[in-house]
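Peer 1: Got a structure for you, questions after.
Taken together, the values in this text are just the output of simple stated rules run on the coordinates, not laboratory data. Keep in mind that this is a model prediction, so the values were computed, not measured. Neighbour counts are summed over all protein chains in view; Cβ atoms, including those assigned to glycine, are modelled from backbone coordinates with ideal geometry.
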Amino acid sequence: MRVLFATWAEPGHLFSLVPLAWACRAAGHEVRLAAPPSCMASAARAGLTGVPVGRDVAVEQIRSRADLAPWRSPGRWPEGWASRPGLLDDAQHAVLRALADKQFTVADAMADDLLAVARRWRPDVVVHDALCFAGTVAAAALGVPAYGHGWGTATIMRVENHELGARPLPGYPRLFERHGVRPRSGPTAWFDPFPPALRLPDPAPRPRLDMRYVPYNGPGDVARWVLEERARPRVCITAGVSGHKVRPGALPPLLTQTADALAGRGLEVVLAISADQARTLTAAPEKARVAVGLPMSELLPTCAAVVHHGGSGTGLTAAASGTPQLVLPQIPVTAELGERLHRHGAGLILPPERQSDPAAVSEAVEALVDDPRHTRAAARLRTDMLRMPSPADRVTALEQAL
């Protein structure tokens, strides 16, 4: 069969799709990835055949919209809000509507080209990331099944719907109507890489297919020091690779402040950054090793703990590695993962007002490294993930949809 994968952003959204795309290709199916032009280089490095569609508008939308400023800033919303949107106040609901409007703009910029590609290539099924609404439109236009692919929050956040429920906002059906297509309420089912311990109930339940998270963090070389015997516990500090596009020009304070806080604590501190972030690094933090472009799936299994921003790529890679995590959320949605890890015992989370406190950060890291309860909880989480069906197993679901 022909499987068309679609996403609107890289690297985080694109990277989450790669293992299932590989599995489809290895099973003998034809695979293409449709995404904006900025994604093509990453698609090629992942070994995928990419087709550029639409225009790159997402980053500019995030940077320039004043109504998204609260989403770009550190902060905590009520715990479990993605599952219980009634906890949110009017201002927070307004931010979610702005997020939806941004995604409608992104989808509209992709849809014409994506439909043209889909009509020429004639895929049998479409797999798209959770916020790539243009993928659902293309599948509806062709009359083929569409499968959403979860990647981010502990639930599949449905910002296209009023208060994350079942009633669509006006901009969602307009995406379909502009192309003469009957609106669909969403994909046929969702591939969900989150283990049960990290999930929240869906505010509007929908078919969900468990699928094991297989880390893909981009290509890279593994330095010899990664595999050598360690005299001290190793702690990784990272802020992911997506934030640099929205906040270019300097390393996130999360990285430098945390590295300074852990200096002299008897730990081997590794600052893991991307090539783009490395270009903004004027001087390496004292007593920290800098690793540029090293895949996290190779580094994190060697670490006693990881400190990060709460991104799902880092968080799920750490969970798959059995590594305890300290989450310092930089935007409201990334606190969801940290809160679930904290409840499970496999991690800790610090509120925004304590993230720049060296003593608080050091205390949390030392608790993760020294308290075996966190290590045991992280190991249980890894075992639970290994029990989930692999991407190769889930290719059958796509085949049976035809």
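Peer 1: With angles folded into 0 to 90 degrees, how steeply does helix 358-370 sit against the dominant principal axis of the chain? Use alpha carbons for both and round to 10.
Peer 2: Here the helix axis deviates by roughly 90 degrees.
Peer 1: Assuming 0.36 nm per residue, please report the length gained on full extension of the stretch Ala360 to Ser390 beyond their Cα-Cα distance. Before the final figure, lay out each step's value.
Peer 2: On the way: separation 30, 0.36 × 30 = 10.80 nm, distance 3.80 nm.
7.0 nm is the gain from fully extending Ala360 to Ser390.
Peer 1: In addition: With a 10 Å Cβ neighbour count serving as the proxy for reagent exposure, in which order, fewest first, do Arg289, Arg279 appear?
Peer 2: Details: Arg289 16, Arg279 12.
Final ranking by Cβ density, sparse to dense: Arg279, Arg289.
Peer 1: Can you check what the Kirkwood hydrodynamic radius comes to for segment 98-229, Cα pairs only, in Å to one decimal? All intermediate terms of the calculation are to be shown ahead of the outcome.
Peer 2: On the way: mean 1/r = 0.0616 Å⁻¹.
16.2 Å is the Kirkwood radius here.
Peer 1: Then there's this: In debye, nearest 20, what is the charge dipole magnitude of segment 162-236 about its Cα centre with +1 on Lys and Arg Cβ and -1 on Asp and Glu Cβ, if you could check?
Peer 2: The dipole magnitude comes to about 180 debye.
Peer 1: Take the alpha carbon atoms of segment 298-326, find their center, do the same for segment 343-402, and report the distance between the two centers in whole angstrom.
Peer 2: Centre-to-centre (Cα) distance: 7 Å.
Peer 1: By how many degrees, 0 to 90 and rounded to 10, does the Cα axis of helix 253-262 deviate from the longest principal axis of the chain?
Peer 2: On a 0 to 90 degree scale, this one is about 30.
Peer 1: Right, another one. Which net charge results when you count Lys and Arg as +1 and Asp and Glu as -1 among the other residues whose beta-carbon is under 13 Å from that of Ala377? Walk me through the numbers on the way to the answer.
Peer 2: On the way: positive: Arg340, Arg343, Arg373, Arg376, Arg380, Arg382; negative: Asp371, Asp384.
Result for the local shell: +4.
Peer 1: What does the C-alpha gyration tensor say about the overall shape of the chain? Classify as rounded when a/c is under 1.5, otherwise prolate if a/b is larger than b/c, or oblate. Walk me through the numbers on the way to the answer.
Peer 2: On the way: a/c = 1.70, a/b = 1.50, b/c = 1.13.
Prolate, because a/c is 1.5 or more and a/b exceeds b/c.
Peer 1: Please give the net charge around Val290, taking every other residue with its beta carbon less than 15 angstrom from that of Val290, where Lys and Arg add +1 and Asp and Glu add -1. Before the final figure, lay out the partial values.
Peer 2: On the way: positive: Arg234, Arg279, Lys287, Arg289; negative: Asp221, Asp260, Glu268, Asp276, Glu286.
The answer is -1.
Peer 1: Right, next: What ranking do Glu286, Glu79 get, fewest neighbouring Cβ atoms within 10 angstrom at the top?
Peer 2: By the 10 Å Cβ count, ascending, the order reads Glu286, Glu79.
Peer 1: Taking R0 as 41 Å, what's the FRET efficiency between Arg343 and His179 from their Cβ-Cβ distance, rounded to 0.05? Present the calculation step by step, with values, prior to reporting the outcome.
Peer 2: Working: r = 43 Å, r/R0 = 1.05.
In this case the efficiency is close to 0.45.
Peer 1: Evaluate the Kirkwood expression for the hydrodynamic radius of segment 2-211, namely the inverse of the mean inverse distance over all pairs of different C-alpha atoms, and round to one decimal in Å.
Peer 2: Details: mean 1/r = 0.0575 Å⁻¹.
One over the average 1/r among Cα pairs gives 17.4 Å for segment 2-211.
Peer 1: Listing Asp371, Asp124, Asp192, Asp221 from the residue with the fewest other Cβ atoms within 10 Å to the one with the most, what is the order?
Peer 2: Working: Asp371 14, Asp124 17, Asp192 24, Asp221 10.
In increasing order of surrounding Cβ atoms, one gets Asp221, Asp371, Asp124, Asp192.
Peer 1: Moving on to the next point. Using 0.36 nm times the number of residues separating Glu353 and Gln400, minus their current alpha carbon distance, what extension gain do you get?
Peer 2: Working: separation 47, 0.36 × 47 = 16.92 nm, distance 4.99 nm.
Fully extending the segment from Glu353 to Gln400 adds 11.9 nm.
Peer 1: When the Karplus curve 6.51 cos²θ - 1.76 cosθ + 1.60 is applied with θ = phi - 60°, which whole-Hz ³J(HN,Hα) does each residue of segment 342-353 get, with x for Gly and Pro?
Peer 2: Whole-Hz 3J(HN,Hα) from phi for segment 342-353: 4, 4, 6, x, 8, x, 10, 9, 10, x, x, 6.
Peer 1: Residues of segment 331-364 with the amide nitrogen closer than 11 Å to a label point 7 Å from the Cα of Thr280, along Cα-to-Cβ, please.
Peer 2: Inside the label zone: nothing.
Peer 1: To the nearest 0.05, what FRET efficiency results for Thr105 and Ser73 with a Förster distance of 25 Å applied to their C-beta separation?
Peer 2: The calculated FRET efficiency here is 0.75.
Peer 1: Compute the signed sum of charges (Lys and Arg +1, Asp and Glu -1) over the other residues within less than 11 Å, Cβ to Cβ, of Leu68. Please list the in-between numbers first.
Peer 2: Values: positive: Arg63, Arg65, Arg72, Arg97, Lys102; negative: Asp67, Asp101.
Charge balance near Leu68 sits at +3.
Peer 1: Please give the helix 372-386 orientation as an angle from the longest Cα principal axis of the chain, in degrees from 0 to 90, rounded to the nearest 10.
Peer 2: 30 degrees
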